[in-house]
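Q: Please read through the structure below; I'll follow up with questions.
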Amino acid sequence: MPKKKLTTSSDVTLVSHYSLDAVKIGNIELKNIDAYALKFPEESFSMGVIGLNVLRQFDVELLFNQQIVRLKKLR
């Protein structure tokens with residue numbers, strides 16, 4: 001896989017780049033999505049991150065107390 005530089009919250013690292021034909025979130029399918037693979041530290045609170053290339057296609061509502069993320073597809 002080709003490597004690209006990715007800026008994280010703590011540094012710049014080389015990551016594998018993938019071009020996905022489609023990604024499905026609930027009943028919504030997004031086409032031609034760039035994805036990057038990197039290993040999160042064991043102490044990390046997360047198993048992954050949804051990037052702005054996906055999030056910018058939605059109105060996003062975060063309900064922190066309920067641990068809910070609501071996505072409404074933009075037209």
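Q: Where Rh is the Kirkwood radius over the Cα pairs of the chain, the temperature 37 °C and the viscosity 0.692 mPa s, what D in µm²/s does Stokes-Einstein return?
A: 229 µm²/s
Q: Now for a separate question. For E42 and N27 in the same chain, what is the full-extension length gain: residue separation times 0.36 nm, less their Cα-Cα distance, in nm?
A: Value of the extension gain: 2.3 nm.
Q: So what is the calculated 222 nm ellipticity per residue for the chain, using -39500 (n - 2.57) for each DSSP H run with n of 4 or more, over all residues, to the nearest 500 deg cm²/dmol?
A: -1000 deg cm²/dmol
Q: Tell me the per residue accessible area of the chain using a 1.4 Å probe; a whole number in Å² is fine.
A: Accessible surface, normalised per residue, equals 89 Å².
Q: Here is a further query. For K72, which lysines qualify as cross-link partners when the Cα separation must be under 24 Å and same-chain residues fewer than eight apart are set aside?
A: Once the sequence-local lysines are set aside, what remains near K72 is K24, K31.
Q: Roughly how many percent of the accessible protein surface of the chain is carbon and sulfur, given a 1.4 Å probe and a whole-percent answer?
A: Taking all protein chains in place, the chain shows 53 percent carbon and sulfur surface.
The values are calculated or read from the model by the stated rules, or taken from the named source; none is laboratory data. Everything quoted here is computed from the prediction, not taken from an experiment. Remember, those area values only see protein heavy atoms, side chains included, never the ligands or the DNA or RNA. Shrake-Rupley method; radii C 1.70, N 1.55, O 1.52, S 1.80 Å.
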